[in-house]
Each structure stands twice: as C-alpha cells, then as structure tokens.
Amino acid sequence: MFTQHTHRGSPPLRLSLARWSSSGALALLLAVSSGCSQKSATAPGAAGSQSSRVADSFHRQRFQGKQVHLEGRASSGALWEIDKPADWNGELVLYLHGYSSPTDPVALPHNEAIRDSLVARGFAVAASSFSSNGYAVREGVRESDDLNDVFRERIGHARHTYLFGQSMGGLIGLILAQRHSGKDYDGSFLVCGIVGGSTEEIQYIGDIRVLFDTIYPGVLGGDLEHPPVITNINAQVVGPVVAAVTANPQGLGIIQLLARHPLAGNNGQELVTSLVTVLGFAMQGGGDLFTRAGSESFFDNAGWQYTSPALPAALVTDINNRVARYTRTRSAAEFLQRYGEPSSRLRSPMMTLHTMRDPVVPLFHEDLLAQVAASPNLIQRRIDRYGHTPFSAGELMPHFNDLVNFARAQRHRDHDDDDDDDDAVAAGSSAAPVLLDPRATNPAK
C-alpha cells in the first residue's frame, strides 16, 4: 500500500531510542516524504498527437539501429517515456513505479540508474507516471498495459516483454502477470512488492496506527481514514512520534506484541524507523485510500481482539476497550479484491526479491504469495537486510538476468514439448539458459 524509499544519494536513516537529533529527524523526513516512486520533477513537453501516430511507420524505419528516447502524454493524462538502445535485442521491459504521495504532481519515475542498466544490456525500457498519485493501482495497471501499444506504434513489435515493478509497482506487476497469458508478458521481476495483497497490507498499516493512537493518545491528528493535510511531515509526524516513543519506549514494545503483523526490525533503531515510516505513510495516504474505496471503511478490526500472553490481562483488556474500531464495508472489500489480491493463476515466470526486514511491505507478503500461487513458475528470493527497496541498480541486475534466463529456458522447454526444435534455437540466445530452482529462497546479504 504505502511505500517508502530513500532516494539515491539521500542520507541513510539513523534512529535511536536513546539518542535523537534534529539532523536525524531531517534525514527521516527526506526518506519518508520522498515515497517509493522516485519522480522526475520535469514533465515532458511532448504530447502524443494524431499526426505523430500517422507517422509511426516512418518513425519505426527511422529508429532502426539508432538509440531513441521518446516522451509523451496519454489521453488519460499519464506521462510516458521510452528508451531504446541502438543495438536493441528485441525485448522490452515495462518499469512499474511505486507509491507517490497524493499531493505530489504527476511526474515520470526517477529510475535512471535502473533504466540505464537495462538499456546497456540491450533492452528497451518503457515507463508511465500513471495519471494520478496515491494508491493508483487501477491507473497503474491500465496505463502500463497501454504502453505496449504506444511502444508498438512508435518503435515496433517487441519479441518478448518483461515487467519490472517495485513496491506498489510490484502489486501492479502481479495483477498484470496474473490477468494475462504468458504470451502477453514473458516474465515479471517484483522487488519488495505488495505481492500478498492489499488487504493484509492495510491490516498491517491500520493496526499500527490505531494501536499507536491508543497507547500514545493525542500525538497524531485525525484518524486512520481522516488524517489532516500534511504540510510539514517533520513537525506533524516525525518529531511528535519520536518524542513520544523516547518518553515511553515501553509503548512501542506493547504495539509490537499486539499488532497482527509486527513492525520490522531487530533492534531499537530499526523499530523506531519502522514505526515512524508506517505512521508517516498512514498519515499521507489514508485519506486518499478512503476516497478511492468510495469513502467507506477499508480497514477492519471490529471482531479482532488484540492479545499477547506476555502482557498483563488488565492492560490488554483496557487497550481493546479503548482502541478505535473499524468495519470494512462490502464495497471497500470488493475494491481491494479487484486492486488487488494474488491468485493461483501464474502462467509466466515470476521472480520476487524482498528484504527480510522491510518496514513498509513486510516479508509476510512473500509467505502469502507462496500459499496462494504455489507454482513452478514462481521464484522467491529473500535478502537479509533492513529497508524497503534499498537495492542499487547494480544489485538488481543479476536477479533480473536470472529471471530472463529462467523465462528463456521455459520457452525452450515449451518448444521442446511441441517438438519444435528449430524454433527453440531461433528464440534462444547464444548463451545457454540457466534454469533456476523455483523453490529456492536464496538468502543473501
């Protein structure tokens, strides 16, 4: 649901229960307010037009053997960009960005390092801004899928197309992969994605917010579904939360014991960072999600009793009596089911990559995906690290290469099953494909 990303070059998050400084607050502010989707501040000036579509055939001829960068605007208002290397390998990567604050202007994703790494490997890359920010899963699915047509019109037909999604973009990639056949998308690479579904992600965010409000009353304004407009996240969220936890660190421990999905972290610094990050995104995005769900409750804890054998019974009873209660409506549940939940349908190779201590989209998402979509097409990798989408482009490329090789091997195997050896050779690469064990989790640093 809500995602957090430290911009490349941004100072790392360093929080401590024992020591807090204004410089630490500023570092956290920069990270939380940026959102998982890095967006370009400059929108493209070129817009799609009828005359440009008439000249598409000419463009395809003109772009052959040349490096290309195109930008435009779809009729929905979504911005798009396409990059093709001169030595294009005939394959396309659709990049799917993560969550952006609802109050930010629509802008292209700031994914230059990933884009350039893919282009250097011979892939063409296309990305959409989506026509709105916030929990724009519906827009992301539709407008990323439409990029296939834009690419075909402007550049030509891609022999193979891969999905590359991060955070909320991972959920968008999951929906696209599961709604289409393997002929539409040849594989998907999903990084710290909401692959266990919107409902459990919202339960995670919601529990933390309502428990925090119960244990630290009056610290944050509004409530889960009606947060105040955030004009200064440091003054409205970061500073007050850290001050409250510093004064009463036991309260954070109580939240950890009662939440259905505890915060990620194996020390005080990580736990405080996780708490502030989750609350920051609940404050920034709760109102947007409430509107998208038809102004109906999207969170549900009406029948849930928060409990822990490690806490005194009287304390647990008191918290359950005072905690804010919400009942998810049928309409809101249908919205979340549609955008989106994992299904057992998985017709093309999928690789997921997740940190083991992700403060925004916790690791439980991978377990939920494995339960629902158990398939030889699914490869899941877990990295022993704290953070949400903290990987550099250089770290991501070997995993993406493995996904491509896995998909290539699947195509070879399918061709072999059809006794079509000639086509199998033509569709392959000069390098022997590597078939990975889809059951491996491959924990690594």
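State whether the residues of the range 123-130 include one that is in a strand (DSSP E or B) and farther than 20 Å from VAL404 by Cα. Yes; the residues of the range 123-130 include at least one that is in a strand (DSSP E or B) and farther than 20 Å from VAL404 by Cα.
Can you say whether VAL372 is of a type in the set (A, V, I, L, M), in the same structural domain as GLY187 (by TED's automatic domain parsing) and within 28 Å of ILE254 (Cβ to Cβ), as far as the supplied structure shows? No; evaluated as a whole, the condition is false for this residue.
Do we have any residue at all in the range 349-358 that's more than 18 Å from the chain's Cα centre (by Cα), in the same structural domain as ARG385 (by TED's automatic domain parsing) and either crowded, with 21+ Cβ neighbours inside 10 Å or under 24 Å from THR273 (Cβ atoms) (or both)? Yes, some residue in the range 349-358 is more than 18 Å from the chain's Cα centre (by Cα), in the same structural domain as ARG385 (by TED's automatic domain parsing) and either crowded, with 21+ Cβ neighbours inside 10 Å or under 24 Å from THR273 (Cβ atoms) (or both). Filtered by the rule that a residue be part of a strand (DSSP E or B), surrounded by fewer than 20 Cβ atoms within 10 Å (Cβ to Cβ) and in contact (Cβ under 8 Å) with a residue 24 or more places away in the chain, the range 66-81 gives VAL68, GLU71, GLY72, ARG73.
Within the set of pairs 6 or more residues apart or between chains, which connect a residue that is hydroxyl-bearing (Ser, Thr, Tyr) inside the range 276-292 to a residue that is assigned to a helix (DSSP H, G or I) with Cβ atoms less than 7 Å apart? Final answer for the pair search is THR277/VAL32.
Set side by side, the residues GLY340, GLY387 differ, and just one is modelled with pLDDT of 95 or more, crowded, with 18+ Cβ neighbours inside 10 Å and small (Gly, Ala, Ser), which is GLY387. All of (1) assigned by TED's automatic domain parsing to the domain that holds ALA126; (2) surrounded by fewer than 22 Cβ atoms within 10 Å (Cβ to Cβ); (3) farther than 26 Å from LEU353 by Cβ hold for ASP145 with one exception: (3). Just one of the listed residues (GLY187, GLY206, GLY156) is assigned by TED's automatic domain parsing to the domain that holds LEU396 and surrounded by 21 or more Cβ atoms within 10 Å (Cβ to Cβ), and it is GLY187. Just one residue in the set ARG408, ARG328 is in a helix (DSSP H, G or I) and charged (D, E, K, R); that residue is ARG408. Is there a residue in the range 98-113 that is surrounded by 18 or more Cβ atoms within 10 Å (Cβ to Cβ), modelled with pLDDT of 95 or more and of a type in the set (A, V, I, L, M, F, W, C)? There is no residue in the range 98-113 that is surrounded by 18 or more Cβ atoms within 10 Å (Cβ to Cβ), modelled with pLDDT of 95 or more and of a type in the set (A, V, I, L, M, F, W, C). Evaluating TRP88 against the criteria (1) outside any loop (DSSP other than H, G, I, E, B); (2) surrounded by 15 or more Cβ atoms within 10 Å (Cβ to Cβ); (3) more than 19 Å from the chain's Cα centre (by Cα); (4) modelled with pLDDT of 95 or more leaves one unmet condition, (1).
Is it true that some residue in the range 237-248 is farther than 30 Å from ARG382 by Cβ and β-branched (Val, Ile, Thr)? Yes: one or more hits. GLY156 meets each of the listed conditions (1) in contact with a helix residue (DSSP H, G or I) (Cβ under 6 Å, 6 or more places away or on another chain); (2) modelled with pLDDT under 95; (3) in a helix (DSSP H, G or I) apart from (3).
The values are calculated or read from the model by the stated rules, or taken from the named source; none is laboratory data. Here the structure is a predicted model, which means the values were calculated and not measured. All Cβ positions, glycine included, derive from the backbone under ideal geometry; neighbour counts span all protein chains shown.
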